[in-house]
There are 2 protein chains.
Amino acid sequence: MKLEDKILNQFISPKNSNRKQVEKLITNVTSQLLDFLSNAEQKPTYPIFKQFDCSHFQINETPKNENEIHSNLQELYDLSMNSASPKYIGHMDSIPTLWSVIGDYIASAINNNLLSLEMSPFLTQLEYSLTKQFAKLFGLPETSGGVMLSGGTLSNVQALLVARNTVLKIKHGNVFTLKKEPVIFTSEHSHSSILKTGMMIGIGIENVIKIKTDKHSKIDCKDLSIQIQEQLKLGKQPFAIVATAGTTVSGNIDPLKEISEIAKKHKLWLHIDAIYGGAVIFSEKHKHLIDGIEQANSISFNPQKWLSVSKTSSMVLFRDFNGMKDNFRISAPYMKEQNAYVNLGEINIQGTKYAEVLKLWLSLQSLGKSGYNKLIDYSFYLTETFNKEITKRPFLKLTSKTEMNIICFRGEPNYLTSEKIDKWNENLQHYLLKQTNFFLSLPKYKNNLWLRAVLLNPFLTYEHIESLFTHIDNYEKTHRNK
Amino acid sequence: MKLEDKILNQFISPKNSNRKQVEKLITNVTSQLLDFLSNAEQKPTYPIFKQFDCSHFQINETPKNENEIHSNLQELYDLSMNSASPKYIGHMDSIPTLWSVIGDYIASAINNNLLSLEMSPFLTQLEYSLTKQFAKLFGLPETSGGVMLSGGTLSNVQALLVARNTVLKIKHGNVFTLKKEPVIFTSEHSHSSILKTGMMIGIGIENVIKIKTDKHSKIDCKDLSIQIQEQLKLGKQPFAIVATAGTTVSGNIDPLKEISEIAKKHKLWLHIDAIYGGAVIFSEKHKHLIDGIEQANSISFNPQKWLSVSKTSSMVLFRDFNGMKDNFRISAPYMKEQNAYVNLGEINIQGTKYAEVLKLWLSLQSLGKSGYNKLIDYSFYLTETFNKEITKRPFLKLTSKTEMNIICFRGEPNYLTSEKIDKWNENLQHYLLKQTNFFLSLPKYKNNLWLRAVLLNPFLTYEHIESLFTHIDNYEKTHRNK
C-alpha cells in the first residue's frame, strides 16, 4: 500500500521531494498576507460583521485546491479584526513583532512538545531559562522560577491553585476535607479570570471576595483589612490576595507595597496579576510604577500584550519554584525523566504545549531590552499626549488617573441629562469609527459606558491623536447645537 | 518623539514601508527551516542532549542582528527533537500538515483574539461551526457543540469541571459545601491529566478512583460496578466516569457501550477521552472501533495527534451545549455581547486564545475527509505490517492487543532472567537509535519497561519497518550468543 503524492505533498517531505513547491506556497501565502497587513492602516479597522450560516464552513469530502484555499483566506482577511492598524486602539491586542510571527511559524513546523525534555531538549531549557530571568527582572529571589502557559487566565489559575495547595496544605487538591471554607480577596476591578478561577479550583465564586476601590480604581486597603477580619469572624479561611498591576478597563495599579504588608500580617499568599502592567519592568523611567511586585509569592505576566508578542504568550512566576513543584506536580509515568529538568508538562496545568517560548526569545533578541525600553516609553509619550487633549476639554472625563497606556474616558457634556450620556458615548464610538476609522472599545465601568483607548501600536503618532480629537470636537459641536 | 526605523522595522509596517524587507526575511527563514525539515530523514532523529548553563539564553541589552538570530535558530534545529523524520516513531508527535504550519503563521500575524466575537468576528464563527460538525461526526445530537482549547489536558479539565458543576449542581464551583465527597472513576491506564484534573477541580486525586483493566488494558466493567458500589457504601458521591478511546501507552479502547450503560444506570456523567483515538472517525473502515462514543456527555479530541495538525489543537465537545454554557459561563463584563454568539472566552477555561481553529480548518480543506480517510487507513496498514513482524518472533511480546496505530512491545527472550529484561529492552532502544536512527520510546507499563512505536508519519514505509526488524534480529542474535 502506498499513499498518493497528492496526499504526501500536504506535508513538508522529509525526503526532500517537494521543497520547491513548499517554498512557492509560502511565498504565495506571504504575498497575500502582506497585501492585507502591509496596508493595514488603509483597511477598515473594524470589518462589517457578516453572519454565516452553518453550511458556510462545511467540512469538505474531497481536497480543495490551492486557489480555493486562497480565496477562503481572502475572506478571513476581509472579515477579521484589523489589529495591525494603528487606528485599532480598542483592546489589548497589539500588532505582533515580526519575529514573534516567525517564531510561531517555526514552532509549528518543528512541532516539538514542551511536555517533556525528551520531546523538546532545547526548548525546555529555553523556557526554564527565560522564565527564571523574568522572575529576577521582577525582583524575585534566586529561588524563583516559572512556567509559560497559553494565556493569562491559565497563569492566574495556576498561581491560585499553587496558593490553595500550599497555604491550605492540600497538595492533592481535596477542598471537601478542609475544616474551614477557603476565601481569596481581590479588587472589584480585577479581571474576570479571578472569578473563573474561584469556580474552577473548587472554592466557589462566592468565596472570591471583592474589595472596594478608591477613586482611582485601586484597592482600598482599609476595606481589604476589614473584609479579612469579616471573613475570619464568619469562620472562613482566607488564603490569598490577588492584587492587579494594570486593571483591564482603566490600567490602574493596586497599592502593591501596602497590600504585601497586609498579606504578610495575615500569612496570606500574595498573587500579583501583572498580566498587563508587568511590561513596564523594561522601562527604566517607569518601572517604579510596580514597585512592591518583588514581594509577591507569584506573578502572572503576558508578553502577548505590551511586549507585542503574538498570542498566546503568558507566564506565571513563583517566588519559591521548588515549593511550587512540591505542591503541584503530577507525574506522567509514561515520560522519561532526565537530568535536572522536571518535565514541564508535570508542573503546569497544560501538559502538552507548543513552543510559545520561541517567539518570546526571538522578539527579545530582535529588540533587546533597550528596544523594549523605547517602545514602552513611546507609549507613555502617546498617553501623555492623549491625556493632554482630554484635559483641554471640560466635557471629557477620565474614569481615574491614567497610570499606564490605557485611557478610559467619556463625554459628559453639561447640556446632557445623565440618562442620555451612555447613548451619546456609544454614538461617539460609532462616529469615530465611521469618520476616522479609529476603533475604541466601549466597556462598562461602574454601570456606565466609557470609551477606552489602549495605546500599544508603535505606528500610532501624535498626528493620529490630534486628528482623533478634532473629530471628537466635531461630534460634540454637532450635538451641542441640536 | 519618534521611534527609530530600526525599531519600527521589527514589525510588519501597516504603512507599507518595509514589505520587501519582510518578504526577504521570510524567504531566508523558510530556506533555513527547509534545510532542516526537507532533509529530516537524513538528520539525527534524537539529537545529542546538550545541557546549557543559565547564561546561554541571557536576555540581550541591545538588539541582535539577523545573522546572529539565524545562528541561534541553527542551534535550535540542530538540538531539537526531529519529529518530522519518518524514523521518529516514539511519541504521538506527528509531522504537521503543511497547511497547519501556514495556519499558525497566519493566526500569529493577524493576531485576532478568540476571547470575543468583537475581536475575531470570522474566527469565532469558524470555531463554533467546526466544533459543532465534529460533535455530529461523533454522533452527538443536534443539541451538541464545543470549544477548542490549547491541548488535551485542558479539554479533559473543562469536561470534568462541567460534569462536576452539572451533576453536583454546583454551578459556582464550591466543593466545600457539598454533602458528600465527590468521586470519579477511570481506568488505571487513563492519562495522567485525569489525576491532574482531580487535583485542580478541588475533588482531590484520591477521589479519582482507578479501575482495573483486563489483559488488553481495557476497563474491567465488573470492577467498575464494584467500585461504584464501594464508593456509595463509603458515603461518597460518584458523579462521572472517564473512559478512554486510545490509551497513551498502548492505544487501547475501553468498552464504551458497556460503560455507557453503567453510567446511565447510576446517572453518572460519561466523559470519553478520545484525545488520541477520536481520529478514526475519519476512517470508513475503522470508525466502528469507537462505537458507543455517541453515548458520551462529553468527548475530548486532539486533532494535534492523528490528524497531524501542529500543536496545540484540541477540542472538548458537549452533548448538551446550552447546558454546558448554563453551568460553566463566567461573564466578562468588559466585553461587548453580540448576536447569537456567546463570547468564547466566557465558556472555555482559557479566555484569550489564539486562532488554533484556523490550522484545523486549512488542514481539513487541503486533505478533505477523503484524504484523512486514506491517512488513517495507511497507518492501520503499517500497524498490521509491524504486528506481523512481531508475531513472527517468539521472543517479542505485546502489552495487549493492538487496536490503533500504537504498538507497545518488548523482548522477553527465554534465555534472560526476568530482572534482566528491562535492561535488555533499554539497550535495544539505544541500539536501534544508534544503528538505524529509529527512535522508539521506552514507557513504563505495569512496572516494566516496554518499547513503543506510534505509526503516524505518512512517509514511513514497509521498507522502513523491514529494516527496523532486521536490526532487532541482529541485536537479539548478538545477545543470544553472549
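Things to note:
- Ligands, DNA and RNA aside, A:CYS54 has an accessible area near 110 Å² when probed at 1.4 Å.
- Positions from region A:113-128 whose accessible area shrinks by 40 Å² or more when the full protein complex is built, not the chain alone, probe 1.4 Å: A:GLU118, A:MET119, A:PRO121, A:PHE122, A:GLN125
- Over region A:375-480, accessible surface divided per residue gives 41 Å², non-protein components excluded, 1.4 Å probe.
- Under the Debye formula (equal points on every Cα, no solvent term), log10 I(q)/I(0) of region A:91-202 at q = 0.12, 0.14 Å⁻¹: -0.64, -0.84
- Rolling a 1.4 Å probe over the protein heavy atoms of region A:65-108, with every protein chain left in place, gives an accessible area that is 39 percent carbon and sulfur.
- Computed over protein heavy atoms with a 1.4 angstrom probe, the accessible surface ordering of A:ASP473, A:ASP214, largest first, is A:ASP214, A:ASP473.
- Magnitude of the charge dipole for region A:111-257, about its Cα centre and with charges confined to Cβ atoms of Lys, Arg (+1) and Asp, Glu (-1), is about 380 debye.
- Taking every protein chain into account, the 1.4 Å probe leaves B:SER129 with about 20 Å² of accessible area, to the nearest ten.
- Taking each of A:LYS64/B:LYS136; A:LYS369/A:LYS434; B:LYS179/B:LYS257 in turn, the alpha-carbon distance tops 27 angstrom for A:LYS369/A:LYS434; B:LYS179/B:LYS257.
- Label sites at A:LEU234 and A:ASN16, each approximated as a point 7 angstrom past Cα along Cα to Cβ, lie 6.9 nm apart.
- Reduced Cα scattering model of chain B, Debye log10 I(q)/I(0), q = 0.07, 0.10, 0.14 Å⁻¹: -0.43, -0.87, -1.41
- Accessible heavy-atom area order of B:GLU206, A:GLU426, highest first, probe of 1.4 Å: B:GLU206, A:GLU426
- Per-residue ellipticity at 222 nm from helix content only, as computed over chain A with -39500 (n - 2.57) for each DSSP H run of at least four residues, stands at -13500 deg cm²/dmol.
- Each of B:ASN165, B:PRO121, B:GLY235 was placed along the dipole of region B:105-364 (beta-carbon charges, centred on the mean Cα), and the one lying farthest toward the positive end is B:GLY235.
- Buried on complex formation within region B:419-466 (loss of at least 50 square angstrom of accessible surface versus the isolated chain, 1.4 Å probe, ligands and nucleic acids ignored): B:PHE459.
- Per the Kirkwood formula applied to alpha carbons, the protein assembly as shown shows a radius of gyration over Rh ratio, Rg over Rh, of 0.96.
- Binned Cα-Cα distances of region B:146-237, short to long, each 10 Å bin given as a whole percent: 16, 44, 33, 7, 0
- Of the DSSP H helices in chain B, those whose Cα atoms cover at least 15 Å axially and whose Kyte score averages 0.5 or more: B:98-110, B:152-167
- About its Cα centre, the protein assembly as shown has a charge dipole of approximately 1660 debye under the convention of +1 per Lys or Arg Cβ and -1 per Asp or Glu Cβ, with nothing else charged.
- Heavy atoms of B:ILE170 accessible to a 1.4 Å probe, total area in Å² rounded to 10: 20 Å²
- Accessible carbon and sulfur surface of region A:355-416 relative to its total accessible area, %, 1.4 Å: 51 percent
- Portion, in percent, of the accessible area of region B:185-276 that falls on carbon or sulfur, probe 1.4 Å: 54 percent
- Interatomic Cα distance distribution for region B:105-364, bins of 5 angstrom, percent: 1, 6, 14, 18, 19, 16, 12, 7, 4, 1, 0, 0
- Of the listed residues B:LEU442, B:LEU432, the order by accessible area with a 1.4 Å probe, largest first, is B:LEU442, B:LEU432.
- Translational D in µm²/s for region B:381-422 (Stokes-Einstein at 20 °C, 1.002 mPa s, Kirkwood Rh from C-alpha pairs): 193 µm²/s
- Panel note: contact residues of region B:370-388 (accessible area lowered by at least 20 Å² against the chain on its own; 1.4 Å probe) correspond to B:SER370, B:LYS374, B:LEU375, B:TYR378, B:TYR381.
- Per residue, the average separation of C-alpha pairs within less than 8 Å and at least 6 apart gives region A:375-480 a relative contact order of 28 percent.
- Average partner coverage of B:72-81, which counts Cβ from other chains inside 10 Å: 5
- Entry note: region B:11-85 has Rg to Rh equal to 1.06, where both radii use alpha-carbon atoms and Rh is the Kirkwood radius.
- Dipole magnitude of region B:215-276, debye to nearest 20 (Cβ charges: Lys/Arg +1, Asp/Glu -1, about Cα centre): 200 debye
- Each of A:ASN427, A:VAL454, A:PHE380 was scored by the projection of its Cα onto the charge dipole of region A:375-480, and the greatest displacement toward the positive side belongs to A:ASN427; charges sit on the C-beta of Lys, Arg, Asp and Glu.
- Reachable aspartates and glutamates, given that their alpha-carbon falls under 16 Å from the alpha-carbon of A:LYS171 and they are not under 8 places away in the same chain: A:ASP320, A:ASP326, A:GLU346, B:GLU206
- Shielding by partners for peptide B:343-354, expressed as the average number of C-beta atoms from other protein chains within 10 Å of each residue's C-beta, is 6.
- Over region B:334-482, the reciprocal of the mean inverse Cα-Cα separation, the Kirkwood hydrodynamic radius, stands at 18.6 Å.
- Chains A and B, summed buried accessible surface - 1.4 Å probe, Å², nearest 100: 16100 Å²
The values are calculated or read from the model by the stated rules, or taken from the named source; none is laboratory data. Predicted model, so just to flag it, every value in this text is computed and none were measured. Virtual Cβ from ideal backbone geometry, glycine too; neighbours counted across all protein chains shown. Note: accessible area is taken over every heavy atom of the protein model, side chains too, but ligands, DNA and RNA are not part of it. Shrake-Rupley method; radii C 1.70, N 1.55, O 1.52, S 1.80 Å.
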